[in-house]
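Every read-out reported here was derived from the displayed coordinates using simple, explicitly stated rules and does not represent laboratory data. None of the values given here were measured: they were computed from a predicted structure. So basically every Cβ, Gly included, is an ideal-geometry build from the backbone, and we count neighbours across all protein chains shown.
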Amino acid sequence: MRTTESEKLYRRAVEVMVEGVGSASRGPATFGDYPQYMRRGEGARLYDVDGNEYIDWMLAFGALPLGHAHPKIVEVIGREIANGTHFATALEVEVEVAELLTKLLPHAEKVRFANTGTEAAMACIRLARGLTGRRKIVKFEGHYHGWYDAVLVNTNPQLPAALGHRFDPVRIADSSGLTVESWRDTVVVPWNDLEAFERAMDAHGRDAALVVTEGVMANMGVIPPKPGFLKKVQEIARAQGALFYLDETVTGFRVAAGGCAELYGLKPDIVSYGKALGQGFPVAAITGSKAVMEGFEWGKVLHYGTHNSGRLALYAAKTMLEEMLKDDKAGFRRLADLGQKMAGRIGKILAGNNRHPATVQSVTSMFQIFFTEKESIDSYRDFCSHVDRRKFRDFVRLLHRRGIFMSPSNTLHSLSCVAHTDRDIDLTADAIGDALEELR
Ligand SMILES: Cc1ncc(COP(=O)(O)O)c(C=O)c1O
């Protein structure tokens with residue numbers, strides 16, 4: 001595979017852009033010498049500047065349930081862009097999307113739109129503090145809620161010795177430039193560890209404004225919650241007067257129409273969405289009961305934004321929801337079927353490969369491969385101790401050469417879109433078999 005045009009672009013890019021890319025996870029830290037520069041997407045395919053074709057399983061980190069350039073999205077956005085890009089005024093389309101969301105999501109009585117998952121998380125945290133008058137927030141190890149200071153602790157894999165005792169995890173800030181004060185009120189707890197959570201809530205629960213969790217640990221690959229764990233977290237948070245905040249930035253409109261709240265029978269106080277909601281456009285949503293959401297009214301708890309409720313993003317969201325929900329949510333069933341088929345095929349290939357012990361974990365349309373001697377990876381601590389991330393990166397680079405696009409970062413995951421086909425699954429399975437043969 002020739003990637004000389006990408007290499008040339010990268011040489012230009014590093015002269016004028018930090019790491020040659022717009023976000024660290026797209027650059028050489030993840031992709032090796034230089035990343036492929038992508039030019040075009042269609043369905044489940046991506047094409048780079050050298051003309052190479054890839055089956056895309058990264059899908060803009062999950063932002064594309066309909067795949068690239070879906071004809072309906074192209075039609076609607078083409079029509080609407082001719083009517084203007086952004087007004088920063090009240091819009092008919094925002095009412096329509098909010099109505100769709102409140103009809104679909106049992107916990108959601110009111111909606112507020114933002115642009116990114118990070119912003120939505122910031123607003124949720126401020127809202128919970130405003131409503132409860134409490135300062136502390138409880139988050140889980142290995143969970144990422146965006147790059148906001150208060151939650152940018154214990155989001156990266158670390159050496160196991162650095163993690164501390166599970167009843168008192170060492171808090172590790174993941175960036176320079178964070179003041180200690182910015183995360184002083186953040187309590188960190190191991191996930192999927194009910195005893196540790198109960199202890200932490202005994203100690204801090206009465207001062208906690210919220211407990212925030214991902215529904216699936218999706219920023220350490222794919223780690224599903226243990227049966228009943230999230231319901232217990234919800235119950236204990238409520239009993240202490242803290243809001244139960246489910247961050248569905250990854251899982252919303254992805255693992256099921258109603259996200260993890262539907263999949264695991266939860267009724268969170270507040271939920272944020274992003275990624276899949278905008279079908280590639282930047283839009284996030286904050287949803288909750290009237291009582292909770294009205295905390296934002298008249299700026300009691302302030303949330304502003306020039307680009308909130310961007311009209312093109314909301315037309316994309318409306319179109320995505322209509323397409324995915326039609327025929328009794330057939331789009332979401334297709335996403336899950338394809339994801340499970342792909343994960344099942346990978347599982348069989350890995351089971352027949354003795355040279356590289358590995359396992360695949362999945363939740364409906366999300367899956368990730370772990371090179372590990374363990375049968376399953378159940379926690380952040382497992383991930384830090386038992387997963388060979390370097391081998392995964394080398395493996396994914398071999399897949400790239402075979403026209404399969406996944407993120408080389410083992411902390412991310414692969415995803416299906418409705419445009420994937422059984423043939424894509426066959427081609428991907430063949431490439432995975434070949435790559436495992438070549439892997440050292
Ligand atoms: C669970 C979760 N929350 C929040 C975010 C932040 O979203 P954004 O990148 O749109 O700011 C992410 C991004 O990966 C995420 O995975």
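Observations
- Cα-based shape type of the range 169-255, given that a ≥ b ≥ c are square roots of the gyration tensor eigenvalues and the cut on a/c is 1.5: oblate
- Extension gain from Arg393 to Asp337, taking 0.36 nm per residue of separation minus the Cα-Cα distance: 17.5 nm
- Remark: the range 121-137, residue by residue, has Karplus-estimated 3J(HN,Hα) of 5, 4, 5, 5, 5, 5, 4, 5, 5, x, 6, 9, x, 10, 9, 6, 10 Hz, where x stands for each Gly or Pro and the curve is 6.51 cos²θ - 1.76 cosθ + 1.60 at θ = phi - 60°.
- Cα gyration tensor, the range 71-322 - rounded (a/c under 1.5), prolate or oblate: prolate
- Distance violations [Cα-Cα > 32 Å] among Lys136/Lys391; Lys110/Lys136; Lys136/Lys341: Lys136/Lys391; Lys136/Lys341
- Take every pair of alpha-carbon atoms less than 8 Å apart whose residues are at least six positions apart; their mean separation over the length of the range 71-322 yields a relative contact order of 29 percent.
- Look at the dipole of the chain built from charges on Cβ: of Pro71, Leu101, Val271, the Cα furthest out on the positive end belongs to Val271.
- Applying 0.36 nm per residue to the separation of Leu178 and Thr306 and subtracting their alpha-carbon distance, the gain on full extension is 43.5 nm.
- Under DSSP loop assignment and at most 11 Cβ neighbours within 10 Å, longest GluC sites (Glu not before Pro)-free interval of the chain: 1-372
- Ranking of Cys260, Cys124, Cys384 by neighbouring Cβ atoms within 10 Å, starting from the fewest: Cys384, Cys260, Cys124.
- Under the Karplus curve 6.51 cos²θ - 1.76 cosθ + 1.60, θ = phi - 60°, whole-Hz ³J(HN,Hα) for the range 381-386, x wherever Gly or Pro sits: 5, 4, 4, 5, 8, 10
- Interchain or long-range residues, amide H under 5 Å from Phe253's placed H: Gly259
- Taking 18 Å as the limit for the C-alpha separation, the pairs Lys231/Lys290; Lys231/Lys326; Lys267/Lys290 exceed it in the case of Lys231/Lys290; Lys231/Lys326.
- Cβ-derived FRET efficiency at R0 56 Å, Ala291 paired with Met1, nearest 0.05: 0.50
- Taking Lys and Arg as +1 and Asp and Glu as -1, the other residues whose beta-carbon sits under 15 Å from that of Ser272 total +1.
- Cα shape, the chain, gyration tensor, a/c 1.5 rule: oblate
- Of Leu314, Leu127, Leu101, the sequence from fewest to most neighbouring Cβ atoms within 10 angstrom is Leu101, Leu314, Leu127.
- Max mean-square fluctuation residue, GNM over the chain, Cα-Cα springs under 10 Å, options Ala120, Ala419, Ala239: Ala239
- For the range 261-390, the spread of Cα positions along each principal axis, largest first, Å: 61, 37, 29
- The chain - mean residue ellipticity at 222 nm from DSSP helices (-39,500 (n - 2.57) per run, n ≥ 4, rounded to 500): -12000 deg cm²/dmol
- Sequence-ordered 3J(HN,Hα) estimates for the range 46-61 from the Karplus curve with 6.51, -1.76 and 1.60 and θ = phi - 60° stand at 10, 10, 8, 5, 8, x, 6, 10, 10, 7, 8, 10, 9, 6, 6, 6 Hz, glycine and proline given as x.
- Amide H contacts of Leu210 (H built 1.01 Å from N, under 5 Å, at least 5 apart or other chain): Val138, Leu243
- Backbone amide hydrogens, once placed in the peptide plane, bring Ala285 within less than 5 Å of Ala114, Tyr273, Gly274, excluding anything fewer than 5 places away on its chain.
- The convex hull around the C-alpha trace of the range 58-132, projected and averaged over every direction, spans 7.1 square nanometres.
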